[in-house]
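Have a look at the structure below, then the notes.
The values are calculated or read from the model by the stated rules, or taken from the named source; none is laboratory data. Since we're looking at a predicted model, the values are computed, not measured. Glycine gets a Cβ as well: all are built from the backbone with ideal geometry, and neighbour counts include every protein chain shown. With ligands, DNA and RNA removed, areas are computed over all heavy atoms of the protein, side chains included. Shrake-Rupley method; radii C 1.70, N 1.55, O 1.52, S 1.80 Å.
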Amino acid sequence: MMNIVVLVSGGGTNLQKLIDAEKADKLGGGKITCVISSKPDVYALQRARDNGIKSVVLERKKYPDVAAYSKAMKDLLIDEKADLVVYAGFLTILDETVCKAFPYKMMNVHPALIPSFCGKGFYGLHVHEAVLQKGVKLTGATVHFVTEECDGGPIILQKAVEVKNLDTPEVLQKRVMEEAEWIILPEAVRLFCEGKIKVIDGKTVIEEI
């Protein structure tokens with residue numbers, strides 16, 4: 001069994017999809033053993049409690065800088081014996097010490113088709129606003145490994161979603177979650193837990209039987 005630690009900052013819809021996948025035995029034998037939130041009183045923590053999952057609040061504002069917060073997070077992840085760390089709407093910046101401690105063992109879901117609409121400043125509704133402003137016809141979501149480069153780690157899975165004429169950022173955000181994020185994040189976790197993802201020359205190779 002692999003210990004999965006999920007990092008959250010908000011409502012936890014992606015967390016819920018991971019919980020549902022685990023209950024359906026679709027996480028490749030992985031088990032969500034802890035949920036860590038950067039904020040208190042977010043609904044993701046209630047989701048963890050409702051499903052009997054340990055939850056911890058590691059509040060960003062209680063630390064003087066990114067380095068101190070990152071060290072605390074790294075130490076907590078080590079204490080939790082994390083085999084895989086999943087960013088599920090985790091919006092707090094960590095420095096490179098964390099991903100270096102868990103090389104190719106941290107993954108994030110991003111609401112666009114990387115390398116488009118990614119990097120610093122592209123998060124939440126900002127991504128969908130930029131997509132609509134550019135007028136692209138397809139957007140989607142990407143699951144990638146977390147490295148020192150923001151949204152620059154090896155891509156694991158991607159799924160495209162149609163952009164429609166009357167979309168608002170909010171409508172598009174919902175469609176991307178429902179048609180892409182909620183599907184590919186649990187699938188990427190399953191592949192990882194089954195040992196089917198390898199990183200070769202900075203790119204992932206997925207070995208399905």
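Do you know which residues across region 172-183 are open to solvent by less than 10 Å² (accessible area, probe 1.4 Å) and closer than 22 Å to residue 145 by Cα?
Once the filter is applied, which keeps residues that are open to solvent by less than 10 Å² (accessible area, probe 1.4 Å) and closer than 22 Å to residue 145 by Cα, region 172-183 yields 176, 180.
Sort through 33, 92, 97 and tell me the only one that's of a type in the set (S, T, N, Q) and free of Cβ contacts under 8 Å to residues at least 40 places away in the same chain.
97
Please list, ordered by first then second residue, the pairs with beta carbon atoms under 6 Å, 6 or more apart or interchain, first in region 119-138 and without any contact (Cβ under 8 Å) to a residue 60 or more places away in the chain, second of a type in the set (Phe, Trp, Tyr) and open to solvent by less than 70 Å² (accessible area, probe 1.4 Å).
Final answer for the pair search is 127/117; 130/117; 131/117.
Which of the residues belonging to region 130-155 are open to solvent by less than 50 Å² (accessible area, probe 1.4 Å), out of contact with any Asp or Glu (no Cβ under 9 Å at 6 or more places or on another chain) and closer than 25 Å to residue 6 by Cβ?
145, 146, 151, 152, 153, 154
Residue 77 versus (1) within 26 Å of residue 196 (Cα to Cα); (2) in a loop (DSSP other than H, G, I, E, B): which is the lone unmet condition?
(2)
Just to be sure I understand the filter: pairs with C-beta atoms under 8 Å, separated by 6 or more residues or on different chains, first member in region 57-72 and among the hydrophobic types (A, V, I, L, M, F, W, C), second member assigned to a helix (DSSP H, G or I). Which pairs pass?
What qualifies is 57/45; 58/69; 58/72; 58/73; 58/76; 67/97.
Check whether at least one residue in region 9-18 is open to solvent by less than 10 Å² (accessible area, probe 1.4 Å), without any contact (Cβ under 8 Å) to a residue 60 or more places away in the chain and under 17 Å from the mean Cα position of the chain (by Cα), and report yes or no.
no
Within region 87-107, which residues are of a type outside the set (Gly, Ala, Ser), open to solvent by 30 Å² or more (accessible area, probe 1.4 Å) and not in a loop (DSSP other than H, G, I, E, B)?
Within region 87-107, 96, 97, 100 meet the criteria.
Determine if region 62-78 includes at least one residue that is under 22 Å from residue 183 (Cβ atoms), open to solvent by 30 Å² or more (accessible area, probe 1.4 Å) and basic (Lys, Arg).
No, there is no match, as no residue in region 62-78 is under 22 Å from residue 183 (Cβ atoms), open to solvent by 30 Å² or more (accessible area, probe 1.4 Å) and basic (Lys, Arg).
What number goes with the only condition from (1) out of contact with any Asp or Glu (no Cβ under 8 Å at 6 or more places or on another chain); (2) open to solvent by 20 Å² or more (accessible area, probe 1.4 Å); (3) part of a loop (DSSP other than H, G, I, E, B) that residue 49 does not pass?
If we test residue 49 against (1) out of contact with any Asp or Glu (no Cβ under 8 Å at 6 or more places or on another chain); (2) open to solvent by 20 Å² or more (accessible area, probe 1.4 Å); (3) part of a loop (DSSP other than H, G, I, E, B), just (3) comes out false.
Identify the residue in region 114-124 that is at pLDDT 95 or above and open to solvent by 50 Å² or more (accessible area, probe 1.4 Å) and, among all such residues, is farthest from residue 150 (Cα to Cα).
The selected residue is 116.
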